[in-house]
Amino acid sequence: MKRKRWPYYLANRPVQANTALEVVDKFSGERVARCAFADAGAIDAAIAAAHGARAAMAAFPPDARRAVLEHCVARFRARSEELALALCIEAGKPIRDARGEVTRLIDTFRIAADESVRIGGEVLELAISPRTRGYRGMTRRVPIGACSFITPFNFPLNLVAHKVAPAIAAGCPFVLKPAAKTPLGALIIGEVLAETDLPAGAFSILPCSNEDAAALAEDERIALLSFTGGLVGWDLKARAGRKKVTLELGGNAACIVDADPGRPLAEVVERLVFGAYYQSGQSCISVQRILVHRDRHDALAKQLAAAVRKLKAGDPRDEATFIGPVIDEDAARRIDGWIDAAIAGGATALVRGKRRGNMLPAALLRDVPRDADLQRKEAFGPVACLEAFDDFDDALARVNDSDFGLQAGVFTGSLAHAMRAWDRLEVGGVVVGDVPSFRVDNMPYGGVKHSGLGREGVRWAIHDMTEERLLVLRD
């Protein structure tokens, strides 16, 4: 990357307040850029600007919102390789996966452009008794007001897109805190938004400390907080007062492989490898727990272990790399420690390599104890746990034996089993015939239990960022 200094965006304008935030190449460890880092005063100014822009954003016509979003789509396409390289460097994401995330960024803004002119209402029949004859009702959806967004490091483009694009479509001004480890993608989005004619104060994008970001949860001028990240989200919700809150807080996703998986075993293995090890397992819906019917267990374990051993780890700029670095050495050390603890508790390592800094080779374990961190918590790394089951209902119960419930996958050729999984699994989404890591950006996405509340997905986010206003007419 040639650019070494990056501003933040305050009330639509770039501000090079300082160069206090270092951005590090996650593979080499070298500093690649310095960004402006916002303080509490900048955050307060951004909240004030967003609060002051509510009326102008609400009055910004739907076709103008669509034009802004379509401009972003065109500019992201033109800068797609730059965005992918920034993502590869700041997040350590293999370049092929980085290009895929840029595609999803574009998709999300394109979907939002379409939805921006579809935010309608409903006609209500109020004449339900003699008392209400002559009355009719209508509703329309109006912007909720200023929003605050906090996003994590693992999808620095697409998770930002899932908050920013619906806000523009809904007519809501916003303040965004991107992850300090991966701010560049969000700042490029800010650079593109600054090219548009959004009303003054419509957006601010401010890398900042977690302590200073507390205002994004606590300030009463904010009408909605949308947070994607770890379990600290529940603490933010408790401090959010009367504002609406949506949370996406991760999981330890499970995938069931039935006696009749409904797919050739080689295809199942291919999808499990993708689901468990894509972007080094740093996905909220990464396959962490694999439950295989005993009739299929040994054959699948053998094929899966062989496939995992072949995964190329190394420089994420290399087109052949599948496993890049995890976000930092602390994360790698934690995951490696969980693997050691599981093995000490009786698990068997089918595949295991040696950690070097924040490079952690793909690992596959069998029969991990039910109380191990590797089973109970979110690993967020390139490791999966394999176990056998004899009864499908028992497999469903094991999937539900978790504090999390984001998505689950089920490979089965039985329609009855597919429907039973949909009925019984305590998750936000059940994916039949594929891994839980499957996601399309126009579908509802979110979890239950510790995984959060509310749904992402453009249409659902727009719904959260708007509220119904009723009109009653008397003849």
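The values are calculated or read from the model by the stated rules, or taken from the named source; none is laboratory data. Keep in mind the model is a prediction, meaning the values are calculated, not measured. When we count neighbours, we look across all protein chains shown, and the Cβ atoms used for this are built from the backbone with ideal geometry, even at glycine. Remember, those area values only see protein heavy atoms, side chains included, never the ligands or the DNA or RNA. Shrake-Rupley method; radii C 1.70, N 1.55, O 1.52, S 1.80 Å.
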Subject >> Check: the range 162-247 dipole with +1 on Lys, Arg Cβ and -1 on Asp, Glu Cβ, in debye >> reply: 380
Subject >> Beta bridge orientation in the chain: antiparallel %, DSSP, nearest 5 >> reply: 40
Original post:
Which residue, chosen from Ile335, Ala362, Asn400, occupies the Cα position most advanced towards the positive end of the dipole of the range 261-418, where the dipole is computed from +1 (Lys, Arg) and -1 (Asp, Glu) charges on Cβ about the Cα centre?
Top reply: Ala362
**OP:** Take the cross-link list Lys4/Lys237; Lys237/Lys312; Lys181/Lys354 and give me the ones stretching past 30 Å between alpha-carbons.
**Re:** Lys4/Lys237; Lys237/Lys312
Subject >> Quotient of Cα Rg and 2.2 N^0.38 Å for the range 169-220, N being how many residues it contains >> reply: 1.21
Subject >> Given charges at beta-carbon only (K, R positive; D, E negative), |dipole| of the chain in Debye >> reply: 780
**OP:** Give the carbon-plus-sulfur fraction of the accessible surface of the range 1-150 in %, rounded to a whole number; probe 1.4 Å, heavy atoms of protein chains only.
**Re:** 52
**OP:** With unit charges on the beta carbon (Lys/Arg positive, Asp/Glu negative), name the residue among Pro14, Ala53, Ala40 whose Cα is farthest towards the positive pole of the charge dipole of the range 7-57.
**Re:** Ala53
Original post:
How much of the accessible area of the range 333-475, probe 1.4 Å, is carbon plus sulfur, in whole percent?
Top reply: 49
Subject >> Filtered GluC sites (Glu not before Pro), the range 1-89: DSSP coil and at most 14 other beta carbons within 10 Å >> reply: Glu30
Subject >> Per residue accessible area of the chain, 1.4 Å probe, in Å² >> reply: 40
Subject >> Loop GluC sites (Glu not before Pro), the range 182-260 (other Cβ atoms within 10 Å of the site Cβ: 13 or fewer; DSSP) >> reply: Glu195, Glu211, Glu220
Original post:
Just from the alpha-carbon atoms, what are the Rg and Dmax of the range 18-176 in angstroms?
Top reply: 20.6, 76
Original post:
Out of the range 38-122, which trypsin sites (Lys or Arg not before Pro) are coil in DSSP terms and have no more than 13 other C-beta atoms within 10 Å?
Top reply: Arg118
Subject >> Range of Cα positions in the chain per principal axis (Å), largest first >> reply: 70, 67, 39
Original post:
What angle do you read, to the nearest 10 degrees and between 0 and 90, between the alpha-carbon axis of helix 415-424 and the longest principal axis of the chain?
Top reply: 60
Original post:
What is the helix-to-structure angle for 80-91, meaning the angle in degrees between its Cα long axis and the longest Cα principal axis of the chain, kept from 0 to 90 and rounded to the nearest 10?
Top reply: 60
